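Derivation of every value follows stated rules applied to the coordinates shown; laboratory data play no part. Just so it is clear, the structure is predicted and the values come from calculations on it, not from any experiment. When we count neighbours, we look across all protein chains shown, and the Cβ atoms used for this are built from the backbone with ideal geometry, even at glycine.
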Amino acid sequence: MHVDTSTSHDAAVRMQGPGPLARHRQTLIVDTPSTFRQHVEPDLIERFKRGDLAAFESVYRRFERAAWTLALRLTGRRDVAQEALQDSMLKAFERARQFRGEAPFGAWLRKLVVNEALMQLRHDRLHIIEVFDEDLRGDDDAPPPWLLADAAALDRALNRLPDAARVVLWLYHVEGFTHIEIAEQFGRSTSFSKSQLARATRRLRELLIPQVEDTPCTTGSTTTA
């Protein structure tokens, strides 16, 4: 099944709760018109679990945009996001009986999308080799750079981060991964995760907050005819 997800999406950015720049935890949530939080009728879930193709089609259509957007934010490439979307949906269909209802259906599906996107990265599909130097630190005392950013500016800034740094930032702030869990995904140390997060936050601030350029002072200048 192929679904065209190339159309642009509208996003609203909001902050919830205190945040993790050293002392607090900040959660960055980007909502799209179709989200993982939408209600799914129990009957549809039961038919999905029984392998009903019409139910699969319905679930796919409901969550395709949210899943593709999430995969794109993690991978940074539309073609790979499309693969992650389709593969995660197929895996959800294959593993549907594993859904026990202990969490909302959308949360269960979201985890599958995240795992599939990370699998794409681990298989060197994107060749994540560009990272920030681990010994450099961010400015932990500065306010989160995305507080006043609009969705379009945030999208552009995220896409300009090195792949590894973008993924670490997203997993930590949005998906709620711990530094230990992120380190396991990359096969690196927790100091790697912490360093990438700090530098990604600092770089986002640089991209989102324009620097004030000095201009020549003209006060007191005179002109002659």
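Summary table
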| item | result |
| --- | --- |
| Spread of Cα-to-Cα distances over 5 Å intervals beginning at zero, given as percent, for region 151-208 | 4, 22, 31, 23, 12, 6, 1 |
| Average Cα contact separation per residue, region 32-122, under 8 Å, 6 or more apart, as relative contact order % | 36 percent |
| For His39, His179, His173, order by how many other beta-carbon atoms lie within 10 Å, fewest first | His39, His179, His173 |
| Cα→Cβ-extended label distance, 7 Å offset, between Asn115 and Val174, nm | 1.9 nm |
| Kirkwood estimate for region 32-122, i.e. one over the average of 1/r between Cα atoms, Å | 13.0 Å |
